[in-house]
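The next block holds one structure in the form of structure tokens; read it before the comments.
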Amino acid sequence: MIQAFYLEQWKGNLSRNIMSGILLALALLPGAIAFSFIAGVSPTIGMLSTGLMMLVMSFTGSRTLMVSAPSSGVSLVAAPLMASHGLNALILATLFMGITQIIFGYSHTNKLLEFIPPAVVIGFMNALGVLLFTSQLSNIFNISTATYVFTIASFTIILIARYYTKVIPAPLIAIIILTILAWLMKPEVLYVSDKASIHTKVPYPSISTEIIDIQIIIIALFYGVAMAIVAVIQTTLTAQMVDTITFSSSDKNKESIGQGIANCIVGLCGGYGGSALVGQSKFNVAMGASSRVSTFLTGSFLLISLFVFGEIIGRIPMAVLATVLITISINTFDRRTISFIKKAPILNGMLIILTMTIILLTNNLAIGVVVVTVGYYMLLFTKNRKGRDI
């Protein structure tokens, strides 16, 4: 019965799923490159991680049509580890992340997410937007006049393109147009190749002996668990969204297990971890995808693109990628914030502000969610013992 249901998920309109898969791959390209810079890794690693994760998740994922790849939240958590201990430590953290997600799935940890106050979730999303926004300012300001010109041009193209086409992603249009202009005009701007070396090699499973150090293992474990917590939150919220727009249901615990397996494989092949992506998942459904074939094609196309477009990626202006991420950051802010605060100004406002403050001060999304949630229930318990309602 289960096997028959799984095989059924591979069926559907083949031509439409192939086209959706290719369009989704194009939609993922800007984020795959941009998020890699947030994490501090080479764009080739970002594309490798995205392609591999999409490929594996097409087999192991529970929520079909949902898109999983290196995300802004996971990349922001991974960045300090990459900066302080390097790629091998990040790879180890990705392995720990995958193992933790598998444990979370078998432990039905997703039930605990129901106890996270909505205000904390809103604070989490808003802090994520702020961190993403501020992380890109250095790629725009105090560089050159040409950088400002390309930044304004990129924002303009993204804004206009959204009104005229829904098939080709607006950020991709901006990247193509402005990369060609930069190649022709040779302006004084920073390029991807100025920030990271672009090299491509066939990945194979391996573990570096350099990480066999108890201190690095402990640090990587801490970051791996933090990455897993952020991934579970983002993935559960995204799965709920896909459930709603497809009028279907999914097993969030199985999704956690499937994503954990994917992250382990990605880590073994030299990539870094990811989680579900809201915008790209909506895009996949909107393009008419109906089976696992679409995400399988997306992963395959991205891995092939890694070898075909490697040199071209190095010619992309950094200011253009910065505008892509700033656009994503603006869309990350939770639209419910104001209306939610109005329902209970003191409590909801305090929880949102406190969650955002802790996340922004620690630069760690997981710590803010855990600390404020625990604090909320401790306060609730104390108030109830005194016979008062919070």
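Residues checked against (1) part of a helix (DSSP H, G or I); (2) in contact (Cβ under 8 Å) with a residue 12 or more places away in the chain; (3) within 20 Å of Val77 (Cβ to Cβ); (4) out of contact with any strand residue (DSSP E or B) (no Cβ under 9 Å at 6 or more places or on another chain):
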| position | (1), (2), (3), (4) |
| --- | --- |
| Thr238 | yes, yes, yes, no |
| Gly267 | yes, yes, yes, yes |
| Ser281 | yes, yes, no, no |
| Ala289 | no, yes, no, yes |
| Glu311 | yes, yes, no, yes |
- Task: Sort out which residues of the stretch 325-339 are assigned to a helix (DSSP H, G or I) and either at pLDDT 85 or above or among the basic types (Lys, Arg) (or both), and write them in order of number.
- Result: Ile326, Thr327, Ile330, Thr337, Ile338, Ser339
- Please specify each residue of the stretch 242-261 satisfying the condition of being touching a Ser or Thr at 6+ places or on another chain (Cβ under 8 Å), within 19 Å of Gln9 (Cα to Cα) and not polar (S, T, N, Q). Val242, Asp243, Asp251, Lys252, Lys254, Glu255, Ile257, Gly258
- Task: State yes or no: is Phe124 in contact with a helix residue (DSSP H, G or I) (Cβ under 6 Å, 6 or more places away or on another chain) and within 28 Å of Lys186 (Cα to Cα)?
- Result: no
- Does the stretch 95-110 include one or more residues that are small (Gly, Ala, Ser), buried (at least 23 other Cβ atoms within 10 Å of the Cβ) and not in a helix (DSSP H, G or I)? no
- Task: Could you please let me know if Ser71 is closer than 28 Å to Gly288 by Cα, modelled with pLDDT under 90, of a type outside the set (Val, Ile, Thr) and crowded, with 24+ Cβ neighbours inside 10 Å?
- Result: yes
- Note on the structure: Picked from the stretch 247-264 (must be among the hydrophobic types (A, V, I, L, M, F, W, C) and buried (at least 19 other Cβ atoms within 10 Å of the Cβ)), the residue nearest to the chain's Cα centre (by Cα) is Ala262
- Message: Take the conditions modelled with pLDDT under 90 and either closer than 19 Å to Leu29 by Cα or not in a helix (DSSP H, G or I) (or both) and apply them to Pro171. Does it pass?
- Response: yes
- Given (1) part of a helix (DSSP H, G or I); (2) modelled with pLDDT under 85, index of the condition Gly12 fails: (1)
- Of the residues that sit in the stretch 134-151 and are buried (at least 18 other Cβ atoms within 10 Å of the Cβ) and modelled with pLDDT under 90, which one is farthest from the chain's Cα centre (by Cα)? Asn139
- Which of the residues spanning the stretch 341-390 are modelled with pLDDT under 85, surrounded by 15 or more Cβ atoms within 10 Å (Cβ to Cβ) and not polar (S, T, N, Q)? Leu347, Leu365, Ala366
- Message: Looking at Ala78, Ala4, can you tell me which residue is in a helix (DSSP H, G or I) and either buried (at least 24 other Cβ atoms within 10 Å of the Cβ) or touching a helix residue (DSSP H, G or I) at 6+ places or on another chain (Cβ under 7 Å) (or both)?
- Response: Ala78
- Query: Would you pick out the residues in the stretch 160-176 that are touching a residue at least 12 places away in the same chain (Cβ under 8 Å) and touching a helix residue (DSSP H, G or I) at 6+ places or on another chain (Cβ under 6 Å)?
  - Reply: Ala161, Pro169, Ala170, Pro171, Leu172, Ile173, Ala174, Ile175
- Of (1) under 22 Å from Leu28 (Cα atoms); (2) in contact with an Asp or Glu (Cβ under 6 Å, 6 or more places away or on another chain), Thr179 fails just (2)
- Query: Restricting attention to the stretch 313-326, does a residue exist that is farther than 23 Å from Tyr223 by Cβ, surrounded by fewer than 17 Cβ atoms within 10 Å (Cβ to Cβ) and not polar (S, T, N, Q)?
  - Reply: yes
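The values are calculated or read from the model by the stated rules, or taken from the named source; none is laboratory data. Just so we're clear, the structure is a prediction, and the values are computed from it rather than from any experiment. Virtual Cβ from ideal backbone geometry, glycine too; neighbours counted across all protein chains shown.
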